[in-house]
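First the structure, in the form of structure tokens, and then the observations on it.
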Amino acid sequence: MIDPSATARRWLRAFFLGLVILSGGPAWAGDTAESLIAEGVELRRLGQDAEALSKFEKAYTQSSTPRAAAQWGLCLQALGRWSEAEARLSEALKARGDRWVQKNREVLRDSLEAVKANVARVEVNGGPDGALVTINGREAGTMPLQDAVVVNAGAVDIEVTKAGFARGYRSLSLSGGQYQRVLIRLEESLAPSAPVASAAANPLPTTPSDGFESVSAQETQLNDAEPAGSPVYKKAWFWGVVGAVVAASVVAVALSGGGGTTPGPEVDDTGTYNPGAQP
């Protein structure tokens, strides 16, 4: 005879097992993370640190265990990415209850000390609030920053930007273990001045000013024009020509000595000037 209670228990076990499989719970994610860590460790044994880095990063993304953080940090240290390595190793060492960390604590602590000798800290102060702080091409946050930023020792380029303000920039050279405070306060950028309009685009106003009545260009041309059909002697150009002729006659008389003529030097039959001839 079949025990109903036993059958019910079997169905319940199958039901809950199915839920665990379908849910893809933490155990499955952990197994995947562990396999990625194992692959990364093997790549590091082969000297392929750059390839191993992506394995540890993926493992940490899937399951942020202290071991994943530690392996990621150790690989970053091998690649000379000191500031990132410090963050991961420090995170791993904070997990005092983790068995793997307890087993390897001394190695992790020595690695962290070696990393700290190659990093510096920059405390960026100033304003305005909300300005974006970028250090060595990476966004560090917006002002006011809550903590100092960990950077690799050496050249450090700091840029602070915000819309409507002039860009702020500092370039430093820091040694390992150095703590540097930097003050960058942005100034509001001046609004661009309006372009000066040309006289053709914006003619001077023709409104009467200072008691003088202005006259437009069209009115001036009409006032200066001579009436059509007027006699020649009434035209201005006629008297201008007459005056020019009279003036030319007076000059000619003056140059001729009052009307008398003076014979020039004689020339021979060929028309050649004879300097020895007397007048």
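Quick look at the numbers
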| quantity | calculated |
| --- | --- |
| Selection status of D31, farther than 17 Å from A92 by Cβ, at pLDDT 55 or above and surrounded by 13 or more Cβ atoms within 10 Å (Cβ to Cβ) | no |
| Residue within segment 65-75 that is surrounded by fewer than 17 Cβ atoms within 10 Å (Cβ to Cβ), farther than 16 Å from A38 by Cβ and assigned by TED's automatic domain parsing to the domain that holds L36 present | no |
| Residue match in segment 88-110 (condition: touching a strand residue (DSSP E or B) at 6+ places or on another chain (Cβ under 7 Å), of a type outside the set (G, A, S) and surrounded by 15 or more Cβ atoms within 10 Å (Cβ to Cβ)) | no |
| Residue in segment 164-185 that is basic (K, R), more than 23 Å from G80 (Cβ to Cβ), surrounded by 11 or more Cβ atoms within 10 Å (Cβ to Cβ) and out of contact with any Pro (no Cβ under 9 Å at 6 or more places or on another chain) present | yes |
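Yes/no per residue for (1) within 29 Å of L74 (Cα to Cα); (2) β-branched (V, I, T); (3) modelled with pLDDT under 95; (4) out of contact with any Phe, Trp or Tyr (no Cβ under 6 Å at 6 or more places or on another chain):
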| position | (1), (2), (3), (4) |
| --- | --- |
| R109 | yes, no, no, yes |
| L112 | yes, no, no, yes |
| N118 | yes, no, no, no |
| R121 | yes, no, no, no |
| D157 | yes, no, no, yes |
| A166 | no, no, no, yes |
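The values are calculated or read from the model by the stated rules, or taken from the named source; none is laboratory data. It should be emphasised that the depicted structure is a prediction, and the values quoted were computed from it without experimental measurement. Reconstructed Cβ throughout: ideal geometry from the backbone, glycine too, with neighbour counts over all protein chains shown.
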